[in-house]
């Protein structure tokens, strides 16, 4: 995979230029795109910017508005649709010096109907969704950085399936203005890259928060909570192996491993994700459903058929449970420095017909807390399995620093 | 002014038809539009819908996406801009049977540079802003209902200046998807109509929350807190007279008037409005500022020049103060059934060069609590002065019911 740190290091040291790095990236995109199908649209050529990310070509999920590339939302309803303005996240990317590599394939409106993208590790396996093109393009070494969005598990899950690092940021850290909404209380931006180290560098530059690019955390004495999210059901054995392996690696480095019970308020908040999303998706896609129902793919159409009765009472109750969950999360996360858990229920599904299951992601999305997944091992089918590092609201700096420390140890052992 | 209740009453009783009501409304729009300048664009003709609001022509602020009318945002940057989809609030309007009367003039991007609209009470006075066209069109009797948005005081202030009733809803009650963002933590939808009674009827239908159209509250024994918002500075004497008059009317009907101290956490939250908005506006309008700075009108351009240095630290602190303010608001509102306060600092400014001051609105917008203004008296220049009724988060039903009771008494006395 391409490394953000290496590229900007070469450019800033004068060993290379942003233009040369972009040209090299362009060659990699051109070489792999026919097999991977990561991009919905691409610019004529990559022009270098100015700033800390000069030379970095970044994929942008195709539900995010761009002023000079169409934004198709993964749907023929938006065929050829050309927004007037760049979304703020795209402006922030460009302000940091990065270039837009292209718009990456998304499932239709970021739901469950598969995108045309293939998993670089196995062309018959799913890359996950909904940020399929972003995860696959990074995993295939086509681009060093990509932007995705998560409403259930649409950043962390495809990253785990494709074997890349990814962060879903704290709610509100990055603006979702100009991102096609599915559920406005849940929709959150995230980044994908080869490593947590790259994520920290890129996110610090994009969010203009230098503290996000600090050094790796000291594991000695660090309290790492472990949750298996029993409320969400079981994971495949490979995920349990990965969770235990990461715990052992951390413990060997001096971390204190703390098994965590899930407070009832968090389990209740987990259950609130569905009614919250149902009501908001019903309204967010009201125009598309009313005027273009037949053009909506089957999984989303069936889902929208079902949520047309989602009413205010269940929505209000879901918002109350979310609020209580966020209150309870302070205590839950306060007991440790970070929490680790499964990033996905297993290896990527062995069919491109399913994008997998977000059950181990939904609670954290609803709580608005930062999650960062790193690849930990390969499962029985040879596909990557990630573990996510999670912390309390606003502690993006902490999950990045801890993930940086852990990924070094995982890498050293592999 | 046109009454929503009267129109839907006539239609449902078979005394009139939705088509006939819309035709009558169209005549009133045509007659007054040259003088008032409320509309940025209008459809070819008004087609009747089906539902509880059939026959109601509703103005839609021109920062709200519409699929069959351009959405100009009050700016030449969006001249001729045609969104693909209706915003969810427009879909909800239509689902309730209402018709879009047209797009109402907004200040550019809902900031402070005046719209071309005139105050129906005095052509040389400001209609307020930013929802200028919505307030003026209702006040001029052109339409019975209009939609506006409030980030500081952009619903309640123009309503007070124009002498109409208006509600800024609880944050999240109505979806802001498809509404051009200025500050996504603050932007909130509201309705304007001739009376609180009309607002309850319309909001119940649009939000599909029948409880919002309950009868007037019983004033006997009702606890009404009074706040003068000392943290925001002084109001004109006419506003103080209006506040006292409404208190006396309520007390005569048996309400208990409770002078309220403002907790320090609320005064601190008031101060957090500016840094919160500054950071978000900087990002929300990043594309327009970067690519079309010269086309941005002077007040907004100067504001955006100033907020380019708005950074993450002051933003994070503002979010913390907002959160603490919302916690403190529970106790503040818990002491009474509703709170009343000035809706604006005085009568409408006597120049169309200023849209007035949102200082008595900003705290409530930031707290996300419902506010409803009703006209209470005329000031020394013969212009209307409103008082707003405020309650805790989610108590939209309460402010409507109390406002309905109070407006009857104000009307009986006038």
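The values are calculated or read from the model by the stated rules, or taken from the named source; none is laboratory data. Only a predicted model underlies this, so the values are computations on that prediction, with no experimental measurement involved. Note that we place each Cβ from the backbone using ideal geometry, even for glycine, and neighbour counts take in every protein chain shown.
Can you confirm whether the range A:329-351 contains a residue that is touching a residue at least 40 places away in the same chain (Cβ under 8 Å) and within 14 Å of chain B (Cβ to nearest Cβ)?
Yes, the conditions are met somewhere in the range A:329-351.
Given the structure, is residue B:310 in a loop (DSSP other than H, G, I, E, B) and not assigned by TED's automatic domain parsing to the domain that holds residue B:78?
Judged against the criteria, residue B:310 is a match.
Check residue A:146 against each of (1) within 13 Å of chain B (Cβ to nearest Cβ); (2) over 19 Å from residue A:408 (Cα atoms) and name the one condition it does not meet.
It fails just one condition, (1).
Hey, could you check the range B:194-215 for residues that are in a helix (DSSP H, G or I) and within 13 Å of another protein chain (Cβ to nearest Cβ) and say which is surrounded by the fewest Cβ atoms within 10 Å (Cβ to Cβ)? Before the answer, list the steps.
Kept after step one, since they are in a helix (DSSP H, G or I), are these residues of the range B:194-215: B:196-207, B:210-213.
Filter again for within 13 Å of another protein chain (Cβ to nearest Cβ), leaving B:203-207, B:210-212.
Values: B:203: 27, B:204: 21, B:205: 24, B:206: 27, B:207: 21, B:210: 11, B:211: 14, B:212: 24.
That would be B:210.
Quick one: residue B:312 ticks every box in (1) touching a helix residue (DSSP H, G or I) at 6+ places or on another chain (Cβ under 8 Å); (2) within 30 Å of residue B:241 (Cβ to Cβ); (3) surrounded by fewer than 24 Cβ atoms within 10 Å (Cβ to Cβ) except a single one, so which number is it?
Of (1) touching a helix residue (DSSP H, G or I) at 6+ places or on another chain (Cβ under 8 Å); (2) within 30 Å of residue B:241 (Cβ to Cβ); (3) surrounded by fewer than 24 Cβ atoms within 10 Å (Cβ to Cβ), only one is false for residue B:312: (2).
Determine which member of the set B:53, B:112 is assigned by TED's automatic domain parsing to the domain that holds residue B:169, crowded, with 19+ Cβ neighbours inside 10 Å and within 21 Å of residue B:181 (Cβ to Cβ).
On the way: B:53 fails: within 21 Å of residue B:181 (Cβ to Cβ).
Going through B:53, B:112 in turn, the sole match is B:112.
Report, by residue number, each residue of the range A:250-279 that is touching a strand residue (DSSP E or B) at 6+ places or on another chain (Cβ under 9 Å) and assigned to a helix (DSSP H, G or I).
Taking the range A:250-279 as the starting set, the residues that turn out to be touching a strand residue (DSSP E or B) at 6+ places or on another chain (Cβ under 9 Å) are A:250-251, A:255-260.
If the condition is that a residue be touching a strand residue (DSSP E or B) at 6+ places or on another chain (Cβ under 9 Å) and assigned to a helix (DSSP H, G or I), then A:250, A:251 are the ones that fit.
Is it true that residue A:77 is in contact with a helix residue (DSSP H, G or I) (Cβ under 7 Å, 6 or more places away or on another chain) and crowded, with 23+ Cβ neighbours inside 10 Å? If you could, list the steps in order and put the result at the bottom.
Numbers: in contact with a helix residue (DSSP H, G or I) (Cβ under 7 Å, 6 or more places away or on another chain): yes; crowded, with 23+ Cβ neighbours inside 10 Å: no.
In short, no.
Any idea how many residues of the range B:368-399 are away from chain A (no Cβ under 14 Å), buried (at least 24 other Cβ atoms within 10 Å of the Cβ) and part of a helix (DSSP H, G or I)?
1
Restricting attention to the range B:90-111, which residues are under 21 Å from residue B:12 (Cβ atoms), in contact with a strand residue (DSSP E or B) (Cβ under 9 Å, 6 or more places away or on another chain) and within 12 Å of chain A (Cβ to nearest Cβ)?
Hits for the range B:90-111 are B:93, B:94.
Are any residues in the range B:1-28 closer than 22 Å to residue B:375 by Cβ and either in contact with a helix residue (DSSP H, G or I) (Cβ under 8 Å, 6 or more places away or on another chain) or crowded, with 17+ Cβ neighbours inside 10 Å (or both), and if so, which ones?
To start, the set of residues in the range B:1-28 that are closer than 22 Å to residue B:375 by Cβ comprises B:1-7, B:25, B:28.
Passing the criteria: B:1, B:2, B:3, B:4, B:5, B:7, B:25, B:28.
Which number in (1) more than 10 Å from chain A (Cβ to nearest Cβ); (2) touching a helix residue (DSSP H, G or I) at 6+ places or on another chain (Cβ under 6 Å); (3) under 19 Å from residue B:113 (Cα atoms) marks the one condition that residue B:318 misses?
All conditions are met except number (3).
Specify which of the listed residues (A:191, A:186) is under 16 Å from the mean Cα position of the chain (by Cα) and part of a loop (DSSP other than H, G, I, E, B).
On inspection, the qualifying residue turns out to be A:186.
From (1) farther than 30 Å from residue B:239 by Cα; (2) not in a helix (DSSP H, G or I), pick out the condition that doesn't hold for residue B:293.
(2)
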